[in-house]
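The values are calculated or read from the model by the stated rules, or taken from the named source; none is laboratory data. Every value quoted in this text rests on a predicted model; they were computed, and no experiment measured them. Cβ atoms come from the backbone with ideal geometry, glycine included; neighbour counts cover every protein chain shown.
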Amino acid sequence: MGNAVRGVSDGAGRLTEGLLFLVTGAVVLLIGAQVVFRYALNHSIFWAEEVGRILLVWITFLGASAAFKRKAHMGVDLFVQRLSPSTRKFCRCCVLLAASSFFAVLVVYGWLYCGFVSSQKTPALGIPMGIPFAVLPVSGLLFLLHACDQLVDELAGGKN
């Protein structure tokens, strides 16, 4: 089971990072074009700011899940490093379980919120507001997947 979870987590991580690369490039090009159009051509792309904001929110949440996958978030482990290996393992498992419960809340309530706002439309594009907010359950699922991978690894005694 550990290898299956690891494979899915690794694949989702690669897909997320590739998507982040593309979306970040799109934001740079879009906002750059908006600046050129507004100041050089005296004409604004009316939907560019809205799309840029939506994509920046998606970059933030997906980027956080990618950082969690790589274990790149900051942490204070001064006290934990002084514990015995078995106590460190116990603490790490407790942290992953607590984080997983938060991620589950993010999935459930993010999904409910998407349904709640789906009847509303964005001002410029007119798309349902559930689409920009869909990042909540999507990133929550990614976080949960990566947390399961790390928990299985921790219980198996791995160093990944």
Seminar exercise, completed: Filtering segment 83-124 for residues that are out of contact with any Asp or Glu (no Cβ under 6 Å at 6 or more places or on another chain), touching a residue at least 60 places away in the same chain (Cβ under 8 Å) and among the small types (Gly, Ala, Ser) leaves a count of 0
For this session: For segment 1-56, name all the residues that are assigned to a loop (DSSP other than H, G, I, E, B), surrounded by 12 or more Cβ atoms within 10 Å (Cβ to Cβ) and either without any contact (Cβ under 8 Å) to a residue 12 or more places away in the chain or of a type in the set (Ser, Thr, Tyr) (or both).
Result: 44
Problem set entry | Selected residue (only one of 13, 7, 52 is under 13 Å from the mean Cα position of the chain (by Cα) and not hydrophobic (A, V, I, L, M, F, W, C)) | 13
Exercise. Does segment 117-129 contain at least one residue that is in a helix (DSSP H, G or I) and of a type outside the set (Val, Ile, Thr)?
Worked result: no
For this session: Name the residue, out of 121, 89, that is among the charged types (D, E, K, R) and in contact with a Leu (Cβ under 9 Å, 6 or more places away or on another chain).
Result: 89
Exercise. With respect to the numbered conditions (1) modelled with pLDDT of 95 or more; (2) in contact with a Phe, Trp or Tyr (Cβ under 8 Å, 6 or more places away or on another chain), which one is the sole condition not fulfilled by residue 55?
Worked result: (2)
Problem set entry | Top-ranked residue of segment 65-101 - restricted to ones that are of a type in the set (Val, Ile, Thr) and surrounded by fewer than 13 Cβ atoms within 10 Å (Cβ to Cβ), ranked as modelled with the lowest pLDDT | 76
Problem set entry | Residue within segment 60-69 that is basic (Lys, Arg) and at negative phi present | yes
